[in-house]
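To start, the structure itself, in structure tokens.
Rule-based calculations on the coordinates, nothing more; no lab input. Small disclaimer: the values here were computed from a predicted structure and weren't measured. Ideal geometry is used to build each Cβ from the backbone, glycine not excepted, and the neighbour counts take in all protein chains shown.
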Amino acid sequence: MKKWLFVTVSLLVVALLMGGCGQPTGIKSPRELTEEEKARVVEIALNTPQVSGWLEDEGEYQIAGLGWYAIDDGTWWCFDYEGIETDPNRQLVPESAKWYPGVTIAVGEEWITQAQVAVDLEAEKAVLVEGPYTSLSSPGRFREFIEADANMDKDKDAYLPGDDVVIELSFKNVRAEPFQVEPFPPQIEIMRPSPYDEPVRSFPAGARSKSLAPGEVIGYTITWDQRDDQGQQVAYGRYYLKLGKVRHDGGSMSLNFGRYVSLLILPTEGVIERTIEVNESLTVNNITFTMERVELTATEARFHASNTPPPDYRPKGPESLPPPQSYNTSAEYSLDGGPVKKAGTSGVHYLLNGMKHTWDMLDPVPKGTKEITFVITELGDWEGPWEFHVSLE
């Protein structure tokens, strides 16, 4: 079972290129968050696709720190939530920076593997995802060397089958001394998150190296024809980019984008756009789940459900605060009895009388689909299944 623990985090001053769909708003300066806002920050961070996929494989985790993130022109600073008012390093942050609350999430032996997520509460999305990294490959060890970013052609994030996907990549040396990028370019993999995180197309690393002067930026472009490594057109759905390693100090280090860089391939037949009010309930192991509604949009499918408190549910504090124990609520789904896809873990809103769940960023549903089968497989240590059949006819 997952554990929750809020402790302080040390200051990290590292450079990162930030991006994403739309313009995040942020606030002008840090302020006191309500307990509900703190819980919402945790919920959004855990439900970020990059984080939820990572946690599915890791199991137990901790919320190891709550902090404030200042972001300005591609550079970010992280401060301890409690100590930010007296931290002298705050003077390093320019007045033009926008501030976002965030968390550090830890897993593994002695909780040494971590990820950091900053959240825009107004837009209800993550604006920065850093990691996962270990104490041997933390931002303080490699993130201050190279910033990596990627942009789709004309900021396009949805493509029809067969369209060329033009990806512009850039690498910036943020050190005060030259840095050798070897190999250059590094390997790029296009990954399919469902049903398993696996590469569908690999662009091999180059055979040369490139020395970057302080502040120098180098870029290059790859074009993906939407075919896999076997030359076949890939299935519709969402894909993300993954960077390979580069050599450094006799070893190797990972390069990561500072955000979840993804793209969407649309179904040939188009997508269903509608909201289905379901409001059906199922009881398994004395826990009742209600599938409330399903939202189908041009770019994603979202499922909303709620459940009655499990027997070991002990809520603590006002509504929306995580209880002392947490519940990993996983689900999967299929269309018209076809292949099963992972829905991942839900974003959870804790209530005194139960929980509300949202699964989002799932593949849009093609036109002509008659039924969605959505199965909630587990709620913490409580096994299902709670199986819902949603008619689209």
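For Phe374, the shell of other residues with beta-carbons less than 9 Å away shows a net charge of -2, using +1 for Lys and Arg and -1 for Asp and Glu.
Distance between the C-alpha centres of segment 206-243 and segment 167-195: 9 Å, rounded to the whole angstrom. Pairs spanning more than 25 Å between alpha-carbon atoms, out of Lys210/Lys242; Lys242/Lys342; Lys156/Lys370; Lys38/Lys245: Lys156/Lys370; Lys38/Lys245. Residues of segment 194-231 falling in the label zone of Val166, defined by backbone nitrogen less than 20 Å from a point 7 Å along Cα to beta-carbon, are 203, 218-227.
The label point for Ala298 and the one for Glu32, both projected 7 Å from the Cα toward the Cβ, are 4.4 nm apart.
Extension gain, Gln230 to Thr358: 0.36 nm times the residue separation minus the Cα-Cα distance gives 42.5 nm. The charge dipole of segment 147-265, taken about the Cα centre with unit charges on the Cβ atoms of Lys, Arg (+1) and Asp, Glu (-1), comes to about 180 debye, rounded to the nearest 20. Take 263-276, 346-359, 375-388 and order them by the average number of nearby Cβ atoms within 10 Å per residue, most first; the result is 346-359, 375-388, 263-276.
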